[in-house]
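Worksheet: one structure, shown below.
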Amino acid sequence: MPGSDDHPIAEDDVTRTDRADRVALAAFQNIEKGLLILTALMVLAAAGLEVFKVIDLRVVTLADILLMFLYTEVMAMIAVFYSGKGSPFLYPIFIAITALARLIVLQGKDMEPQAVLYEAAAILLLSIAAMIMLKVRVKRNGEPASENEYDPR
């Protein structure tokens, strides 16, 4: 058994393992940052194309506005990952809520009433989950909720 008196672990093995772990962690962090930058660039490109489409058509629809909110939420999520502040788990919930709302708005007239009800229930469930996550975060900090506590960033 490694580490027992019969088989002591050499200090060189530990430092090599620690060094390898640090290198692997740094590599994964750099890959994550690179992918976040790529994602941000893709979101900016998609938002730019959407703006050009709106300008070209000279019509702004509710679907366009909701799509811009989705792009904004994705950019905010990337900012949270980079800053390390806030709860990065809240932004995917916000994105899902916005996406479901957009789906209801865009397809609401053509959808079965039961499907609209299910999607509205999903929005309610996601909203409750976000509130619970915010409450848990406030309780863990041990301080009462202030105005800034509910800012997920």
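The numbers here are math on the coordinates, done by the rules we state, and not lab data. Computed from a predicted model, the values in this text were never measured in an experiment. We place every Cβ from the backbone using ideal geometry, glycine too, and count neighbours over all the protein chains shown.
Could you please find all residues in region 83-107 being without any contact (Cβ under 8 Å) to a residue 24 or more places away in the chain and part of a helix (DSSP H, G or I)?
P92, L103, I104, Q107
Show the residue pairs meeting these rules: Cβ distance below 7 Å; 6+ apart or different chains; first residue within region 17-39 and under 14 Å from I78 (Cα atoms) and without any contact (Cβ under 8 Å) to a residue 40 or more places away in the chain; second residue in a helix (DSSP H, G or I) and of a type in the set (A, V, I, L, M).
T39/I78
Checking the conditions here, which among F69, F89, F28 is farther than 30 Å from E119 by Cα and hydrophobic (A, V, I, L, M, F, W, C)?
Answer to the selection: F28.
So, in region 64-84, exactly how many residues are farther than 28 Å from K33 by Cα and exposed (fewer than 11 other Cβ atoms within 10 Å of the Cβ)?
Qualifying residue count for the region: 0.
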